[in-house]
Amino acid sequence: MFKFRFNKWYPYLLLSPALIVLFLLFLGGVILGLSQSLGYFPVLGLEEPTFKYYLEVWSSTEFLNSLVFSLFISFTSAILTTIIGVFFAYQLLKIKNKNRIINFLYKLPIIVPHIIASLMVFLILTQSGILSRFAYHLGLIEEIAEFPRLVFDKNGFGIIAAYLWKQIPFVVLMVYTVLKQINGSFEAAAKNLGASNSQVFREIYLPLTAPSIGSAFIIIFAFSLGSFEIPYLLGPTYPQTLSVLAYKKYISLDLTQRPYTMVIATSLTMITVILIMIYRKILSLISRYHL
Amino acid sequence: MFKKNIYRKIILYALIFLFAFPLLLLLVWAFSGRWPWPNLIAESFSLEGWRYFIDPANGAVESLATSVIIGVAVTFITLLISIPAGKAMGLYDFPGKGAVKILVLAPLIVPPLAVTMGIHINFMLLGLADKFIGVILVHLIPTLPYSIRIMTHTFEGLGDKFEAQARVLGAGPLQRFIHITLPLISPGLFSAGILVFIISFSQYLLTFLIGGGRIITFTMLLFPLVNSGDRMLAAVYSLVFIAAALIFTLLMERVLVNPAEKRDHFYI
């Protein structure tokens, strides 16, 4: 086969602009955040690295409550999104003339940002929202106060609803793209041998799409964990998610608080990195033992 | 079999409805006057929100322009960086490729909030904070992973045969790029461009932190409106936002992409 002969440095040369930006901005930000959280902050006159801030923050109730709240919201919304998304992707595979649906689903979540998703959840789910008005006309409630608090609530219901709205189309598309590429003759052969629809789904489509379902889950989990707008706009005053907590501490102008803020921000990074490592480990175990 | 299909369609259209209904609600709120609980339809309709939006004193149109300028600049820089990077990742094998891949995708997973807070103080020291250039630079963090990935897929699909052919026929590097590579990668380039522009256009937190309240993009005005629960005005601003993003997308699709080459680009 004819192949370009190329200098061994050529790919690195091509990559250099991207690498410079990623090193300086992204890795730089991660490393600076880490060093600030360890109390290395020359601008403030802090130059002795210490774990003091970590110990203090990690043992505070405020942080722990936020951690639990954040993990609960991200986990619940990621699980629900994945299940509903996979279900719809499979349904989408089975019907004809779906280009318009796909086009709509593809554009919608990309174009509508988190802020507007929050507004829409607000318009629908607050006590004076459209759902509560329907409930009144259906005779389910008589006063505005009888409608349950679905937004700004301690269970993060409104936050989860906004994430679902924003992320289900993402999962549908990601899984649908993989489903579409699966050879149709697998299904035909299985059906021929007497497999039911649910068997076809469980034994053929599910295993073949499992890796992409896994990555979709991880991406949306990490995304909701680090996302700020939705929990800020729809969350309760207490507990706050880690991202909101970090933001509130960050904008308070007291610079001596900065290392504490950076501990919270860096903890967010650590959680996502640990998550990815676990995920990769599971993937490699699966491929090694053919689970 | 026929019945089954109907039931599938109902489920799917229910999903579409669930996703479209909030947008309809937004539309009604944007034109509503008084709309107290428990009315299902507004008592009166008005254009008050739109008048507020157009009034130059409120700076909405100006901030929209700021958003577009920043978005276009970010798109241009990101694509400029992503074309060679995508070529390297899509066509060549080299030592350290795995590590580069992780570095490229990492910003998708690591919260941008944490990265930006870490880098903010250095932006201040370098005089980049509170300036356009600083905001543009920080927008590169969330946009680069997407566009490098799309360009990598594009080059993978393309291979290097066409360029090799041109080289055999004696075309120089610049000629090869302009006449061969650029037209061939243009569909991927436009998908990436649309995505990058919209990500930049939607940024709130990064612009707020690095722009320090001096760089007023459209989301800077939208966020407080949603936060204060001003439904009518927030709905007006949201509609303008969605319309602006849609117009940009359609312009890119209609004007720049050859319809014959238009395919689905589900690169996520």
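Observations on the structure shown:
- At an R0 of 22 angstrom, the distance between the Cβ atoms of residue A:10 and residue B:169 translates into a FRET efficiency of 0.60.
- Order of B:131, A:166 - criterion: other Cβ atoms within 10 Å of each residue's Cβ, fewest first: B:131, A:166
- Across all directions, the average projected area of the convex hull around the alpha carbons of the protein assembly as shown is 30.9 nm².
- Separation between Cα centres of segment A:101-169 and segment A:1-70, rounded to whole Å: 36 Å
- Compactness of segment B:1-159, taken as the C-alpha radius of gyration over 2.2 N^0.38 Å, stands at 1.56.
- Cα coordinate range in segment A:148-191, projected on the principal axes (Å, largest first): 51, 19, 11
- Evaluated over the Cα positions of segment A:199-250, the convex hull gives a direction-averaged projected area, one quarter of its surface, of 5.0 nm².
- From its DSSP helices (H runs of at least four residues, each -39,500 (n - 2.57)), chain A gives a residue-normalised ellipticity at 222 nm of -22500 deg cm²/dmol.
- Gain on full extension, evaluated as 0.36 nm per residue between residue A:52 and residue A:198 minus their Cα-Cα distance, stands at 47.1 nm.
- Taken residue by residue and averaged, Cβ atoms of other chains lying within 10 Å of the Cβ of A:26-38 number 6.
- For residue B:45, the residues 5 or more places off, or on other chains, whose built amide H falls under 5 Å of its own are B:33.
- Amide hydrogen neighbours beyond the local backbone of residue A:46, cut-off 5 Å, H modeled: A:41
- Label-point separation in nm, residue A:185 to residue A:146, each point 7 Å along Cα→Cβ: 6.3 nm
- Normalised Debye scattering of segment B:56-261 at q = 0.10, 0.15 Å⁻¹ gives log10 I(q)/I(0) of -0.52, -1.01, counting only Cα atoms as equal scatterers and leaving out solvent.
- Average projection area in nm² (convex hull over Cα atoms of segment B:1-46, one quarter of hull surface): 4.1 nm²
- Packing-based exposure ordering (other Cβ within 10 Å, fewest first) of B:50, A:9, A:165: A:9, B:50, A:165
- For the Cα trace of chain A, dividing Rg by the Kirkwood Rh returns an Rg/Rh value of 1.05.
- When B:160, B:93, A:153 are arranged by Cβ crowding within 10 Å, least crowded first, meaning fewest neighbours, the order is B:93, A:153, B:160.
- A crude spin-label estimate for the pair residue B:179 and residue B:50, with each label 7 Å from Cα along the Cβ direction, gives 5.2 nm.
- In a reduced charge model with +1 at each Lys and Arg Cβ and -1 at each Asp and Glu Cβ, the protein assembly as shown shows a dipole moment near 2020 debye about its Cα centre.
- Separation of segment B:86-153 and segment A:212-231, taken as the distance between their Cα centroids, equals 18 angstrom.
- Histogrammed with a bin width of 5 Å, the alpha carbon distances of segment A:168-265 distribute as 2, 11, 15, 13, 11, 9, 8, 8, 7, 6, 5, 3, 2, 1, 0 percent, first bin at zero.
- Summarising the label geometry, the points placed 7 Å from Cα in the beta-carbon direction at residue B:80 and residue B:34 lie 5.6 nm from one another.
- Mean Cα-pair separation over length for segment B:1-143, i.e. relative contact order, pairs under 8 Å, 6 or more apart, %: 15 percent
- Scanning chain A for GluC sites (Glu not before Pro) in DSSP loops with at most 16 neighbouring Cβ atoms within 10 Å leaves A:144-291 as the longest stretch between them.
Every number here is computed from the coordinates shown, using simple stated rules; none is lab data. The model shown is predicted, which means the values in this text are computed figures rather than measured ones. Please note: Cβ atoms are built from the backbone with ideal geometry, for glycine as well, and neighbour counts cover all protein chains shown.
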